[in-house]
1. Could you give the spread of the C-alpha atoms of region 1-134 along their three principal axes, from largest to smallest, in whole angstroms?
2. What dipole magnitude, in Debye to the nearest 20, does region 34-133 give about its Cα centre under +1 on Lys/Arg Cβ and -1 on Asp/Glu Cβ?
3. Which lysines does K87 reach when only Cα atoms under 18 Å apart count, and residues fewer than 8 places away in its own chain are ignored?
4. One-quarter of the Cα convex hull surface for region 79-139, in nm²?
5. Please give the Cα centre distance for region 114-138 versus region 33-105, rounded to the nearest Å.
6. Give, in nm to one decimal, the length gained when the segment between V89 and L125 is fully stretched (0.36 nm per residue of separation minus the Cα-Cα distance).
7. Considering the zone a paramagnetic label at E181 would reach in this model (a point 7 Å from Cα along the Cα-to-Cβ line), which residues of region 33-66 have amide N under 15 Å from it?
Amino acid sequence: MWIWHAFFGSPGSINDINVLNRSHIFNTIYDGSAPESSFEVCGTPYKYGYYLVDGIYPEYAVFVKSFTCPHGSRRKKFKRAQERARKDVERAFGALKKRWFILKKPASYLGEEKLQEIMYTCLILDNMIIEDEGRAICAFKKEETIPETQPIEIGSEEYMNRRAEIRCTETFHNLRNDLVEHIYGIQNINLNLDPPDDSGDELSDNDFM
């Protein structure tokens, strides 16, 4: 329930893709000012972190989607693990409204700027409570200084290269396949899977395209 990013102000009638296109979630990655988030899975290094999303989202290198109709015990285990973890995101607003009564009340009389201030304030306070309870995802050090970075120019070659990296479909499939193998190898994740289907466990060449 630790909130990393929030974006408010879009009309309520648009879908998730339009909200994604309006948000600034990737801007810091594009201009090079985002914090270091590289990692390694199954011996393969990846440059950016990733988000767990549902099927409507595009096949970006920073998105990990589940399988619609998984075959084989590996994919079934991954699908259930991914969807179970994604439920924490889906219940975030319910948990926030339970904690902050102001989010339950009608807000038609408030302006957009005031609504944003209320939402960001509730999110910050929620993170502070989680940290005070010792459940913070990252440690906060008062003495630590974040090195300043010089954002690259919008439209420059490096900027456009980063945009291309984020939208790389090949990296999307490679990452998901590596996570499938990684999740399958974690013994303490028991999701009551069906008996292993050896014929469906092997990844085909098309999975890496």
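Every number here is computed from the coordinates shown, using simple stated rules; none is lab data. Please read these numbers as outputs of a predicted model, since none were measured by experiment. All Cβ positions, even for glycine, are placed from backbone atoms using ideal geometry, and neighbour counts span all protein chains on display.
1. Largest first, region 1-134 extends 51, 37, 34 Å along its Cα principal axes.
2. My answer is approximately 820 debye.
3. Answer for K87, where 18 Å is the Cα cut-off: K65, K76, K77, K79, K97, K98, listed by chain and number.
4. So the mean shadow area of the Cα hull is 5.6 nm².
5. When both Cα centres are located, 20 Å separates them.
6. 11.2 nm
7. Those under the cut-off are 40-46.
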